[in-house]
Amino acid sequence: SDLSTASGESAGDLRGWLARIHDAAARSNYVGTFVNSTGTSVVSSRVGHYVEGRNTLERVDALDGEPRSMLRVNDEVRTLWPRYRVAVVEPVDPRASFPALVSGSEKQIPDFYELHVQPSERIAGHDADRLLLKARDDSRFDHVIWADHATGLLLRVDVQVAGRTLESSGFSDVNIGVKPDASAVYAELHRADG
């Protein structure tokens, strides 16, 4: 009784892929350079994500524009603006957690998108599975997703309309399976105290 079309994979397959990608983002240790490009702007960040025991630690340093660091320990995020000596403390926004594929509930994605598994490619130095999430109606854009073949970690997402890329987000390089580096987060937090 799974939604299946002659041209696409089943809704269950799509849910399986999304669960694998989601779990890899939450459970993997990785460090890399993440680049987001839209029509006129390109913004790069250095991302470190570590799972150590029960703790999830993340550090994102902006490489372009105003210097800032986002430090996450479990459900709390601190954004540091060193030039202004300002730290903003806030809870994690689950919608903003990496990788935020498409807006809306992931459970509903198969209602709005049809999955097409495409030939694999190499992205950021890794063999990657390539998936096309084709919008079922004109009110949404297509998404092309590349996930690391070995781990499922999301490597890149392109938002497209009629085969033309509007926005691309992904790693230009990433090292997956690194040793957790808690000091990269905690040392910066202590430095920011006061």
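The values are calculated or read from the model by the stated rules, or taken from the named source; none is laboratory data. Just so it is clear, the structure is predicted and the values come from calculations on it, not from any experiment. Glycine also receives a Cβ, built like all others from the backbone with ideal geometry; neighbour counts cover every protein chain displayed. Only protein heavy atoms, including side chains, enter the accessible area calculation; ligands, DNA and RNA are left aside. Shrake-Rupley method; radii C 1.70, N 1.55, O 1.52, S 1.80 Å.
Those residues that are more than 13 Å from ASP148 (Cα to Cα), open to solvent by 20 Å² or more (accessible area, probe 1.4 Å) and in a helix (DSSP H, G or I), I need them from the stretch 10-32; list them, please.
Scanning the stretch 10-32 gives GLY12, ASP13, ARG15, GLY16, ALA19, ALA26, ARG27.
Can you tell me which of VAL47, VAL31, VAL35, VAL43 is free of Cβ contacts under 8 Å to residues at least 24 places away in the same chain and in contact with a strand residue (DSSP E or B) (Cβ under 8 Å, 6 or more places away or on another chain)?
Matching residue, one of VAL47, VAL31, VAL35, VAL43: VAL43.
Kindly evaluate TYR84 against the criterion of being under 16 Å from GLY170 (Cβ atoms) and of a type outside the set (A, V, I, L, M, F, W, C).
No; evaluated as a whole, the condition is false for this residue.
Return the pairs, sorted by first residue and then second, in which the second residue is buried (at least 19 other Cβ atoms within 10 Å of the Cβ), the first residue lies in the stretch 14-26 and is free of Cβ contacts under 8 Å to residues at least 24 places away in the same chain, the beta carbons are less than 6 Å apart, and the residues are 6+ apart or on different chains.
none
Give the residue that is modelled with the lowest pLDDT, with candidates limited to residues of the stretch 132-191 that are open to solvent by 30 Å² or more (accessible area, probe 1.4 Å) and among the hydroxyl-bearing types (Ser, Thr, Tyr).
TYR186
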